[in-house]
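Derivation of every value follows stated rules applied to the coordinates shown; laboratory data play no part. What you see is a predicted model; the values in this text were computed from it and never measured. Here the Cβ is made from the backbone with ideal geometry for all residues, glycine too, and neighbour counts use every protein chain on show.
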Amino acid sequence: MTELAAVKAALKTQAVETPSWAYGNSGTRFKVFAQQGVPRTPQEKLEDAAQVHAFTGVAPTVALHIPWDKVEDYAALAKLAEERGVKLGAINSNTFQDDDYKLGSICHPDASVRRKALDHLLECVDIMDATGSQDLKLWFADGTNYPGQDDLRARQDRLSEGLSEVYDRLGDGQRMLLEYKFFEPAFYSTDVPDWGTAYAHCLKLGPKAQVVVDTGHHAPGTNIEFIVATLLREGKLGGFDFNSRFYADDDLMVGAADPFQLFRIMYEVIRGGGYTPDVAFMLDQCHNIEAKIPAIIRSVMNVQEATAKALLVDRDALAVAQREGDVLEANAVLMDAYNTDVRPLLAEVREEMGLDANPIAAYKRSGWAEKIVAERVGGEQAGWGA
Ligand code: AOS
Ligand code: ZN
Ligand code: ZN
């Protein structure tokens, strides 16, 4: 295989998971701008996700969020997904929207609230059994707002105890992906604030516990690719929640704010042997003012572009320059790959996959946007928190 053929082959195997919640209405705490044609049910979210996969060819799975995507029969939902051409992916838990969780969920000082949160997490594993999902994605809004509000160490003990119970419930082939976030909604202390804390818990739990890196969950200036390299070295990188941030947890389209950072991350993924199905490439985004399906298609394309550039890095030339201490040449090798216009290459890849070279234009021509506006009338539109 020529080098270019190998790059193309790698691009064809890419799998980016899209989040069910990105198809529904979302907004800021100031306003949710409702859009027409937005899904009213989890089933309709799957239909939209299937469109993204149909036009990109590399978005074969959809993450669910419980209870936002609550249905009576999860096995039937999985079957419907397959009929539409996609599969159900990670199950995202929700221990942040009940009044009971004001002081936290599995770190809460009251054992009865911890029990309630744990029962929800265990229910999520039951759902995984029914859907065939491999990953349970855990993000905890737990933390405190004021010094002295609670005992930081006791909260870690409760976290450890709760995670162990869920870990023990995982079946063969199931994993727990633990997400960290440096602040928000708690502002003084967060119980899983950084990769180190997540890593320490996952290490203690065992091989089925892995860290998930949400690109929007770091302080400005954090070198995320270093974290990626470190977690990969330790065999603890479970996946990504991709999105872009300018200020905080903005959840904008991945690759929009800082495509260079995305390239550097993808380079470390590839360099570290993480370009395998064991590292889940998920989107965690909200499209508040832009049309949702084309925004998700664009996001998938942005991940593909960063991946293509990272695959094009001349690693032999880079290794030589690094060994020789040739700072400028090493940097130039990396930048040459980053500055390559990979859009023609990706257009070829898509055509070879039997797809339109331009997924956004093809989606626009398909009439799907008009169809859902016409058909999805009545009922309540799904949305963030719905
Ligand atoms: C929250 O900030 C996290 O990014 C989670 O992944 C969350 O579950 C997701 O954003 C859905 O709200
Ligand atoms: Zn996330
Ligand atoms: Zn987030």
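Observations, loosely collected:
- Taking 7 Å steps out from each Cα toward its Cβ at residue 168 and residue 146 produces label points 3.6 nm apart.
- Applied to the stretch 81-95, the Karplus parametrisation 6.51 cos²θ - 1.76 cosθ + 1.60 on θ = phi - 60° returns per-residue 3J(HN,Hα) values of 4, 5, 5, 7, x, 10, 10, 7, x, 4, 9, 9, 8, 9, 10 Hz, with x for Gly and Pro.
- Phi to ³J(HN,Hα) by Karplus 6.51 cos²θ - 1.76 cosθ + 1.60 over the stretch 207-215, Hz, x for Gly, Pro: x, 7, 10, 9, 8, 10, 9, 8, 5
- Springs join every pair of Cα atoms under 10 Å in this Gaussian network model of the chain, and among 332, 347, 310 the largest mean-square fluctuation is at 332.
- Here is how the number arises for the chain: DSSP H runs of 4 or more residues each give -39500 (n - 2.57), the sum is divided by the residue count, and the result at 222 nm is -14500 deg cm²/dmol.
- Residue 383 long-range amide H proximity, modeled H, under 5 Å: 25
- 25 Å tail of the calculated P(r), the chain, as % of Cα pairs: 56 percent
- The slack in the chain from residue 99 to residue 203, taken as 0.36 nm per residue of separation less the alpha-carbon distance, amounts to 34.3 nm.
- Residue with peak Gaussian network fluctuation, the chain [Cα springs, cutoff 10 Å], from 316, 191, 73: 316
- Computed 3J(HN,Hα) for the stretch 187-200, one whole-Hz value per residue from the Karplus formula 6.51 cos²θ - 1.76 cosθ + 1.60 where θ = phi - 60°, is 10, 8, 9, 10, 6, 10, x, 8, 5, x, 5, 4, 4, 4, glycine and proline marked x.
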